[in-house]
Amino acid sequence: MKDGKTKIRRFSTFRIAEHWMIILSSVVLFATGLCQRFWHVDSAQWFILKMGGIDNVRLVHRYMGLFFTFEILLHVGVAVGGVASRKWESSMFITREDLVASIHNIRYYFGLENHAARCDRYDYMEKFEYWTILIGGFLMIVSGAVLWLPTMVTRILPGEIIPAAKVLHSNEALLIFLINAIWHIYNSIFSPDVFPLDTSIFTGYISRDRMMREHPLELARIEGVEPNVLLGDGPPGVEEKAADSGTG
Amino acid sequence: MKRWFAVIAFLLLAAGFPAAGHAKDDVDLSIESIKCLQCHGKKGIAYKFQNEESVEAYVNPAKYRLSVHSVLSCSRCHTDFSTDHHPSRNFRNKAQYRVRSSAVCRGCHTPDQIKSKSVHADLLTKEREGASPVCTDCHDAHSVTPVAGGRIIRSETEYCMKCHRQKMTMTCRNGDKISLNVSYSFSEGNAHDKLRCSDCHYGFSSDEHPKRNFRSRRDYTIASSESCRRCHFDKYTKTLDSVHNTILSQGNLNAPVCNDCHGSHQIPHMSRGVKGRVLTTHKCRKCHEEVFAVYAKSVHGSALFNEQNTDVPICIDCHTAHDIENPLTLEYHERIPQICGNCHANPAVVSKYGLSTEVLNAYLTDFHGVTLGLYRKQREQLYKPARPIAVCTDCHGTHNIMSSVSSDPANVKANLLKRCQKCHKDTNENFPNAWLSHYKPSLSKFPLIFIVSTAYKIFIPIMGLGLLLQIFLHIWRYAVNR
């Protein structure tokens with residue numbers, strides 16, 4: 001058996017850069033957006049005043065929204081180009097296996113299965129997060145543009161679209177924020193499997209042990225062996241997990 | 001000392017002759033006087049001057065008997081006349097005659113005696129300047145009574161009213177005449193009926209009557225209003241912050257002062273009833289006639305004047321009564337939603353008219369309302385100039401507010417578009433529909449917004465709880481496996 005500490009390349013430099021850009025735009029957009037949604041809260045007002053007023057906040061929010069739009073378009077462009085040129089497998093698409101894996105994991109949590117679901121390059125939780133944020137990102141871009149340019153929009157669409165866009169923008173932002181704050185932060189920081197930080201998106205590498213535990217089907221493909229052979233008789237032990245936590 | 005002696009003598013006299021007026025009935029007139037009254041005691045007798053003016057030569061015998069001069073015979077004043085001699089006189093006009101008659105009074109009443117009454121000070125000064133004060137302007141020639149008119153003066157007010165119920169004027173330096181005649185009422189309707197004259201006219205009393213010299217009638221009014229602060233200091237300090245005081249201090253003397261709105265001697269009690277409220281609007285109307293005309297036609301004004309409705313706002317409800325702010329400032333503009341909200345967010349006021357109390361909240365939580373609130377904070381804390389944001393009056397009007405129920409919707413929309421275009425250039429008729437007209441989205445009103453909002457209200461908590469449950473189960477499984 002190969003050494004569990006062996007590092008396996010998981011993310012390219014482009015993906016690492018993309019993640020940094022998303023961190024930057026998310027932090028700025030959430031800070032300047034949530035203070036507008038919760039304007040009546042004292043801390044929100046403190047932040048707005050520290051930013052030099054609501055006009056500055058809106059300006060920063062809108063231009064960071066433009067940057068976010070660029071990121072999303074770049075991401076989708078690269079993804080479509082990559083998949084279309086058959087260089088990449090469409091590993092992020094949701095399949096029937098994801099549904100099976102999610103049910104399997106719930107059963108595993110309740111002790112009805114003796115091992116966690118065995119996933120490929122991206123597990124169903126990562127896919128859920130990715131798609132909610134990608135689709136949410138599109139909704140935010142479209143509704144944000146409507147709110148930025150209401151005069152232009154109402155030349156072709158009814159006026160009601162403006163308050164509708166506001167409700168959508170505000171709620172979708174909250175939804176994405178909650179997914180990030182609860183789910184993503186837990187999975188990449190507080191989860192016992194990765195605590196204190198899952199560094200793979202920053203370094204680009206992941207340990208073979210974590211690959212074995214979280215993405216065994218991908219590991220088997222990388223190493224050119226059958227998953228059953230790779231996994232042996234049983235699933236990766238919990239003891240292994242604890243020993244390996246935090247290596248990313 | 002001399003004065004005290006006079007007062008004591010007067011009191012003794014008053015005590016000794018409680019019904020002095022009646023005692024006078026028994027006065028025996030001189031034979032000469034009786035003889036004169038045989039002709040002059042008949043009505044209709046008159047004397048004609050060269051300029052065709054005439055003066056009545058009739059003397060009321062009853063009044064003459066009561067007068068302080070009844071003890072004198074006629075010839076003491078009419079020196080050229082006697083029972084045997086009745087010369088023919090020839091005066092150019094009445095004025096000449098009156099001046100001449102006054103000179104007769106001065107034969108007995110010396111300047112020192114006249115000067116002893118402070119009320120005469122002004123007249124004596126005028127006389128030194130060449131004018132000819134006429135005694136009979138105030139003291140009737142044949143019915144002149146003692147100062148108290150034979151009665152005991154019970155109060156300072158009565159004392160002052162002795163003269164000030166007469167028609168007399170004061171002349172300002174610019175020639176303006178100020179009437180000093182006071183139509184004073186002791187009725188309970190007068191808020192100041194318990195006050196003495198000198199409470200307001202400080203410096204004046206039965207002993208003191210200083211001479212005042214004003215440039216104009218307006219100067220006098222403004223100076224008089226200063227008296228009010230002695231009692232109404234809270235209101236006075238408020239007026240110092242008012243736009244009226246600002247323009248007054250900038251030199252516009254037409255700016256209203258206390259007296260202009262409250263009057264001077266007949267000050268009614270404050271009335272919160274419909275009568276008082278109507279009266280208040282009319283006070284403002286004195287200067288703001290155009291605004292009044294517009295207000296009277298508005299939904300508020302017509303309800304006040306036609307229906308005697310006391311729920312509708314009058315001028316002072318929005319502009320306040322004393323610390324009236326310049327309504328064109330940004331600070332005032334920012335406060336308008338709260339001003340309107342005083343009634344429109346108060347169920348006790350508007351619910352009975354079928355109006356929603358949610359209108360204020362709907363505005364304050366919408367884009368404009370939020371921006372307005374933040375701009376105010378910025379201005380206060382960052383001293384940052386803010387842009388004016390559309391408030392209630394921008395869409396509904398100010399003094400010309402019409403009923404939103406009875407207004408033509410097309411008209412309302414057209415007005416709204418005009419207002420939107422002031423800030424949002426090049427907008428078309430779709431744009432005003434972005435404002436939900438204070439309505440809360442529902443399936444019947446703005447269903448798209450209602451559906452989007454409801455969907456998120458359901459989805460966000462479910463998703464949040466689902467994710468938390470996943471996390472909990474994951475940690476639990478980890479702990480169990482361990």
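The values are calculated or read from the model by the stated rules, or taken from the named source; none is laboratory data. Computed from a predicted structure; not experimentally measured. Cβ atoms come from the backbone with ideal geometry, glycine included; neighbour counts cover every protein chain shown.
Checked against (1) at the interface with chain A (Cβ under 7 Å from one of its Cβ atoms); (2) within 60 Å of the chain's Cα centre (by Cα), B:Ile471 passes all but condition (2). Residues in the range B:367-379 that are among the charged types (D, E, K, R) and more than 8 Å from every other protein chain (Cβ to nearest Cβ): 2 in all. Are any residues in the range A:63-109 under 30 Å from B:Ile389 (Cβ atoms) and crowded, with 16+ Cβ neighbours inside 10 Å, and if so, which ones? Across the range A:63-109, the qualifying residues are A:Met64, A:Gly65, A:Phe68, A:Thr69. Looking across the range A:171-204, the residues that are without any contact (Cβ under 8 Å) to a residue 60 or more places away in the chain and of a type in the set (A, V, I, L, M) come down to A:Leu175, A:Ile176, A:Leu178, A:Ile179, A:Ala181, A:Ile182, A:Ile185, A:Ile189, A:Val194, A:Leu197.
The set of residues from the range B:401-430 being surrounded by fewer than 17 Cβ atoms within 10 Å (Cβ to Cβ) and part of a loop (DSSP other than H, G, I, E, B) comprises B:Ser403, B:Ser404, B:Val405, B:Ser406, B:Ser407, B:Asp408, B:His424, B:Lys425, B:Asp426, B:Asn428, B:Glu429.
Looking at the range B:436-450, can you tell me whether even one residue there is in a helix (DSSP H, G or I) and more than 7 Å from chain A (Cβ to nearest Cβ)? Yes, the range B:436-450 contains at least one residue that is in a helix (DSSP H, G or I) and more than 7 Å from chain A (Cβ to nearest Cβ). Checking each residue in the range A:104-125 for being within 13 Å of chain B (Cβ to nearest Cβ) and either free of Cβ contacts under 8 Å to residues at least 60 places away in the same chain or among the basic types (Lys, Arg) (or both) picks out A:His104, A:Asn105, A:Ile106, A:Arg107, A:Tyr108, A:Tyr109, A:Phe110, A:Gly111, A:Leu112, A:Glu113, A:Ala117, A:Tyr124.
If you check B:Ile336, B:Ile316, B:Ile267 for being touching a strand residue (DSSP E or B) at 6+ places or on another chain (Cβ under 8 Å), of a type outside the set (Ser, Thr, Tyr) and either modelled with pLDDT under 95 or closer than 27 Å to B:Ser403 by Cβ (or both), only one passes: B:Ile267.
Taking the condition on the phi < 0 side of the Ramachandran plot and either at the interface with another protein chain (Cβ under 10 Å from one of its Cβ atoms) or not in a helix (DSSP H, G or I) (or both), does B:Asn433 pass?
Yes.
In the range B:380-396, the qualifying residues are those that are crowded, with 19+ Cβ neighbours inside 10 Å and within 11 Å of another protein chain (Cβ to nearest Cβ), and the one that is farthest from A:Trp46 (Cα to Cα) is B:Ile389.
Of the residues making up the range A:133-170, those that are in contact with a Lys or Arg (Cβ under 8 Å, 6 or more places away or on another chain), under 22 Å from B:Gly466 (Cβ atoms) and free of Cβ contacts under 8 Å to residues at least 60 places away in the same chain number 0. The criterion of at least 2 residues that are closer than 25 Å to B:Leu248 by Cβ is met by the following helices (runs of 4 or more DSSP H) wholly inside the range B:268-363: B:274-285, B:289-297, B:315-319, B:330-344.
In this structure, does B:Lys283 turn out to be buried (at least 17 other Cβ atoms within 10 Å of the Cβ), over 30 Å from B:Lys384 (Cβ atoms) and either charged (D, E, K, R) or not assigned by TED's automatic domain parsing to the domain that holds B:Asn400 (or both)?
Considered against the rule, which asks whether it is buried (at least 17 other Cβ atoms within 10 Å of the Cβ), over 30 Å from B:Lys384 (Cβ atoms) and either charged (D, E, K, R) or not assigned by TED's automatic domain parsing to the domain that holds B:Asn400 (or both), B:Lys283 comes out as yes.
Filter the range A:161-189 down to residues that are facing another protein chain (nearest Cβ under 9 Å) and among the aromatic types (Phe, Trp, Tyr) and give me whichever is surrounded by the most Cβ atoms within 10 Å (Cβ to Cβ). Restricting to residues being facing another protein chain (nearest Cβ under 9 Å) and among the aromatic types (Phe, Trp, Tyr), the top hit is A:Trp183.
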